[in-house]
Amino acid sequence: MAEVRASSEILGVVLVDPVVHGDERGLFVETWRQEWMPDAPPMVQSNRADRTAGALVGLHYHRYQADYWYVVAGCARVVLHDLRVGSPTRGETLGLDLGGDGPQRHRGVYIPPGVAHGFAAVTDLTLTYLVDGYYDPADEMGVAWDDPAVGADWGVAQPVLSARDMANPVCADLVDDMRPVYGER
């Protein structure tokens, strides 16, 4: 059975260390089960991102959509930051590695709505992610990857970002009606 545990840093973030079955033929891993998040809406869309070493994506956030990330190949440094008004962990940042060769090799992470999320490709990588809502550009927002209020350690020296991610505002400049509210869906 997978080890499923709540993050102690950010309320609602859940870390999953699934059981890995392996033999001389290779391995098998269940990367997602809805029962791991019994109170969460069902996931409705699956996406894949391939990134080269040094690429940085984020920080992005949604007011209404949750994500579940799993690194298939390579290593990602993941940064999460709680933006939710009314959250007991508002302003907290969590950095963790997914993939790679360590104990986090098969770890997945559930990211609730209102938690800003991004990743840096420490190596070339493939990340798959499930979402509980279909893509909605009106619910796709961002925060500056290098905002001092976030204080992220991305694990890459010369990050490569999209023009969109380079233009994201700092947390202090978020417009009130664009701020996610804890517990709101």
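The values are calculated or read from the model by the stated rules, or taken from the named source; none is laboratory data. Every value quoted in this text rests on a predicted model; they were computed, and no experiment measured them. Cβ placement follows ideal geometry from the backbone for every residue including glycine, while neighbour counts extend to all protein chains displayed.
Screening the stretch 17-67 for strands (runs of 3 or more DSSP E) wholly inside it with 3 or more residues that are without any contact (Cβ under 8 Å) to a residue 60 or more places away in the chain and loosely packed, with under 15 Cβ neighbours inside 10 Å returns the ranges 20-23, 26-29.
Looking across the stretch 34-51 at every residue that is polar (S, T, N, Q) and more than 15 Å from the chain's Cα centre (by Cα), the one that is nearest to V131 (Cα to Cα) is identified as Q45. In summary, strands (runs of 3 or more DSSP E) completely within the stretch 91-180 and bearing 2 or more residues that are out of contact with any Gly (no Cβ under 9 Å at 6 or more places or on another chain) occur at 93-99, 108-111, 125-131. Across the stretch 173-180, not a single residue is classified as under 17 Å from the mean Cα position of the chain (by Cα), surrounded by fewer than 20 Cβ atoms within 10 Å (Cβ to Cβ) and touching a residue at least 40 places away in the same chain (Cβ under 8 Å).
Being under 26 Å from V85 (Cβ atoms), at pLDDT 95 or above and buried (at least 17 other Cβ atoms within 10 Å of the Cβ): is that true of P159 here? The answer is no for P159.
Taking the numbered list (1) modelled with pLDDT under 95; (2) surrounded by 20 or more Cβ atoms within 10 Å (Cβ to Cβ) in turn, P103 passes all entries but (2).
Here is the figure for the stretch 136-165: residues that are touching an Asp or Glu at 6+ places or on another chain (Cβ under 8 Å) and on the phi < 0 side of the Ramachandran plot total 3.
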